[in-house]
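Read the structure below first, then the notes.
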Amino acid sequence: MRATQYYLATLKEAPQEAELASHRLMLRAGMIRKLSSGLYSWMPLGLRVLRKVEAVVREEMNRAGALEMLAPPVQPAELWQETGRWTLYGPMMLRIKDRAEREFCYAPTAEEVLCDIVRREVKSYRQLPVNFYQIQTKFRDEIRPRFGVMRAREFTMKDAYSFDADFEGLQKSYRAMYDAYTRIFTRLGLEFRAVAADNGEIGGTGSHEFQVLAGSGEDAIAYCPGSDYAANVEAAEALAPATARATAGATMQKVATPGKHTCEDVAAFLGIPLEKTVKSIVVMTKREDGPDVMTMLLIRGDHMLNEVKASKVPGLKPFRFATDAEIRERLKANPGSLGPVGHDVRLVADRTVAAMSDFCTGANEDGFHLTGVNFARDLPEPIVADIRNVLAGDPSPDGRGTLELARGIEVGHVFQLRTAYTEKMGVTYIDEKSATRPMEMGCYGIGVTRVVAAAIEQNHDDRGIIWPDPMAPFMVSIIPMGYGRSATVKAAADALYAELDGVDIEVFLDDRDERPGVLLADQELVGIPHRVVIGDRGLKEGVVEYQHRRETEATKVKQADILAHVMARIRDGAPGAAR
Ligand code: ATP
Ligand code: MG
């Protein structure tokens with residue numbers, strides 16, 4: 001491609017609202033343009049990258065035996081009503097009516113549609129397993145679309161759905177997808193981790209997220225450097241303390257703590273360690289047949305409640321936080337002075353809290369706290385559960401070291417759905433013994449558009465993007481110093497361009513009549529990995545300059561050798577790349 005025949009739309013500045021490097025760089029490089037909140041157009045340069053990612057995804061999905069198909073993105077409400085998700089999915093779903101007032105949605109995902117297709121098509125065990133996938137637009141009306149295509153409302157997802165006769169089959173299909181994802185993100189040159197994940201609303205058992213490691217990632221990951229344990233913090237287990245609860249040593253006392261509400265303030269004021277304080281969090285669970293039920297959750301002062309794990313405590317799901325009014329009415333205390341002593345309310349203590357003795361809590365009276373509090377003596381034994389976030393330094397649940405924390409961007413997610421959907425939607429088959437059985441289902445998503453942004457988060461510097469070769473919009477850029485002024489430079493640039501083109505290397509020749517500084521800055525911003533600068537001075541000595549986007553210095557290469565040199569560098573991969 002020649003720049004003069006292309007639409008290169010680089011910008012000096014990105015809009016103020018672009019907080020993340022990837023968002024800023026995608027706008028500045030002219031890859032995307034904003035249409036409306038969470039809606040982006042992919043400009044020619046960006047689309048080249050997106051297509052590269054799609055191609056790798058497609059190849060590896062095909063290699064794993066999945067079959068590409070395409071379902072409509074507009075889906076009838078009736079299918080979603082069969083699984084109950086028409087209501088459950090809530091405001092994230094974009095709902096549409098046709099002229100006859102029939103309800104539809106714009107696909108946020110496609111489990112129901114695929115179940116419908118498969119229940120019509122597949123009848124016998126002989127037709128199983130099947131795994132269908134598509135690469136297609138999804139729409140989720142995110143509360144806070146942000147970071148450009150990273151969390152957009154409209155995005156491209158590769159979504160696959162496997163159907164097996166039995167659980168063993170599902171595990172095989174799941175493994176095949178897990179391995180395909182590993183190959184995809186490895187091939188794309190990304191540094192990533194597969195982490196155990198929470199199953200979320202989707203239900204079922206067994207799930208992993210593929211997380212691209214980046215400081216700006218929205219997800220927290222816990223991993224053990226000494227083993228292969230890795231989990232989303234939402235799902236990571238915090239083990240119970242190794243030492244049992246010590247016997248009560250102190251008597252319970254009410255102490256004045258004027259104006260002190262947080263555990264930090266109270267601990268500092270009383271001169272006790274934060275690890276001796278317990279905070280009380282009040283939640284409400286909906287009940288079909290009566291008023292919402294109140295539960296008090298107890299978390300150590302320096303710990304954080306993990307809402308995902310807490311919602312798994314039997315009888316708690318779905319919970320919401322109690323309002324101040326509910327707390328005052330039922331517990332006769334202000335939210336800032338709450339404690340677990342003296343109430344007839346269900347208590348759920350985190351494992352760490354359950355092992356504490358002589359601790360400090362709110363006294364249910366403004367300006368006071370209780371110290372020397374002990375279970376069994378001052379308040380009933382609580383229900384014990386793992387309801388806090390793990391911290392760096394916690395023991396790894398696999399017993400093979402301690403946990404560390406990292407941040408990641410979720411680019412893919414694989415789920416074992418089991419029969420959660422197929423039972424509801426009657427996706428059954430006839431087995432060898434003529435019995436009707438529900439199929440075992442798995443679903444597997446990759447945020448194809450998010451992958452592009454995640455790759456930039458991991459591969460950029462202050463001058464611009466540094467594409468891993470497999471995602472680069474162009475592999476090589478030729479920057480002539482004075483294309484319009486010097487016939488020799490023009491001839492050399494055109495010749496190299498033709499040669500690279502001849503061996504199917506995607507090459508971008510910047511033949512614009514701009515200052516060299518502008519051409520070089522654009523090449524660095526756009527992130528083309530391999531660059532050849534051609535100038536009169538070098539040509540006189542018979543040399544041109546090669547520089548990889550990750551290198552700080554150019555290498556002089558004989559003009560006659562440059563094609564071979566570039567090809568060798570492409571073969572060798574990037575120096576110091578994330579891989
Ligand atoms: P998140 O936790 O980031 O909201 P999710 O768990 O809801 O994502 P899935 O339902 O697992 O997403 O969808 C599969 C993949 O689609 C995700 O792994 C992610 O890469 C991508 N994805 C989901 N939501 C968005 C979005 N709003 N914008 C871009 N990509 C998205
Ligand atoms: Mg997910």
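The values are calculated or read from the model by the stated rules, or taken from the named source; none is laboratory data. Because the structure is a prediction, the values reported are computed rather than measured. As a convention, Cβ positions derive from the backbone with ideal geometry for all residues, glycine included, and neighbour counts pool all protein chains shown. Surface areas here come from the heavy atoms of the whole protein model, side chains and all, with no ligands, DNA or RNA. Shrake-Rupley method; radii C 1.70, N 1.55, O 1.52, S 1.80 Å.
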Helix 448-458 axis, angle to the chain major axis (alpha carbon atoms, nearest 10°): 90 degrees
Using packing as a proxy for protection, rank 320-332, 136-148 so that the peptide with the highest average count of other Cβ atoms within 10 Å comes first. 136-148, 320-332
Place a point 7 Å from Cα of residue 329 in the direction of its Cβ. Which residues in the stretch 262-285 have their backbone N less than 19 Å from it? 282-285
Along the charge dipole of the stretch 441-579, pointing to its positive end and built from +1/-1 on Cβ of Lys, Arg, Asp and Glu, which listed residue (442, 562, 471) has its Cα farthest out? 562
Given the Cα-Cα distance of residue 381 and residue 320 and 0.36 nm per residue of separation, how much length would full extension add, in nm? 19.6 nm
With the Cα gyration tensor of the stretch 450-579 giving a ≥ b ≥ c as the square roots of its eigenvalues, does the rule (a/c under 1.5 for rounded; else a/b larger than b/c for prolate; else oblate) give rounded, prolate or oblate? prolate
Karplus 3J(HN,Hα) series, Hz, for the stretch 510-520 with 6.51 cos²θ - 1.76 cosθ + 1.60 (x for Gly, Pro): 8, 8, 6, 8, 10, 4, x, x, 5, 4, 5
If the label point is 7 Å along Cα→Cβ of residue 495, which residues in the stretch 535-563 have backbone nitrogen under 16 Å from it? 535-545, 557-563
Quick one: length gained pulling residue 391 to residue 96 fully straight, 0.36 nm per residue minus the C-alpha distance? 101.8 nm
Rounded to a whole number, what % of the accessible area of the stretch 134-246 do carbon and sulfur atoms account for, probe 1.4 Å? 49 percent
Could you give the size of the charge dipole of the chain about its Cα centre, using +1 on the Cβ of each K and R and -1 on the Cβ of each D and E, expressed in debye and rounded to the nearest 20? 480 debye
For the chain, dividing by residue count, accessible area per residue (probe 1.4 Å) in Å² works out to 45 Å²
Using packing as a proxy for protection, rank 367-374, 58-65 so that the peptide with the highest average count of other Cβ atoms within 10 Å comes first. 367-374, 58-65
Ignoring any ligand, DNA or RNA, what whole percent of the accessible area of the stretch 272-314 comes from carbon and sulfur when the probe is 1.4 angstrom? 58 percent
Note, ³J(HN,Hα) from phi for the stretch 20-29, Karplus 6.51, -1.76, 1.60, rounded to Hz, x at Gly and Pro: 8, 4, 5, 5, 4, 5, 5, 6, 5, 6
Rounded to a whole number of µm²/s, how large is the Stokes-Einstein D of the chain at 25 °C and 0.890 mPa s, given Rh as the Kirkwood radius over C-alpha pairs? 89 µm²/s
Protection proxy ranking of 434-447, 288-301 - average other beta-carbon atoms within 10 Å, highest first: 434-447, 288-301
When each of 172/433; 260/312; 254/332 is checked by Cα-Cα distance, pairs over 27 Å: 260/312
Enter the angle in degrees (range 0 to 90, nearest 10) between the Cα long axis of helix 487-502 and the first principal axis of the Cα atoms of the chain, meaning the one along which they spread out most. 60 degrees
Tell me the angle of helix 562-572 to the major Cα principal axis of the chain, expressed in degrees between 0 and 90 and rounded to the nearest ten. 20 degrees
In whole Å, what are the extents of the stretch 54-190 along the principal axes defined by its C-alpha atoms, from largest to smallest? 42, 41, 22
State, as an integer percentage, the relative contact order of the chain based on alpha-carbon contacts under 8 Å between residues 6 or more apart. 17 percent
Using R₀ = 56 Å, calculate the FRET efficiency as 1/(1 + (r/R₀)^6) where r is the Cβ-Cβ separation of residue 253 and residue 554; round to 0.05. 0.15
Quick one: length gained pulling residue 55 to residue 172 fully straight, 0.36 nm per residue minus the C-alpha distance? 39.7 nm
Say each of residue 69 and residue 504 gets a label point 7 Å from the Cα, pointing the same way as Cα to Cβ; how far apart are those two points in nm? 3.1 nm
Between the modelled labels at residue 246 and residue 39 (7 Å from Cα along Cα→Cβ) the distance in nm is 6.3 nm
When the label point is put 7 Å from the Cα of residue 9 along its Cα-to-beta-carbon vector, which residues of the stretch 32-46 have a backbone N closer than 15 Å? 32-36, 39-46
For residue 521 and residue 62, what is the calculated FRET efficiency with R₀ set at 41 Å and r taken between the beta-carbons, to the nearest 0.05? 0.55
Taking the dipole about the Cα centre of the stretch 349-425, with the C-beta of Lys and Arg at +1 and of Asp and Glu at -1, give me whichever of 359, 373, 416 is farthest to the positive side. 416
Name the residue farthest towards the positive end of the dipole of the chain from the options 261, 458, 75, assuming +1 on Cβ of Lys and Arg, -1 on Cβ of Asp and Glu, about the Cα centre. 75
Need one word for the stretch 383-482: rounded, prolate or oblate. Basis is the Cα gyration tensor (sqrt eigenvalues a ≥ b ≥ c); a/c below 1.5 gives rounded, then a/b vs b/c decides. oblate
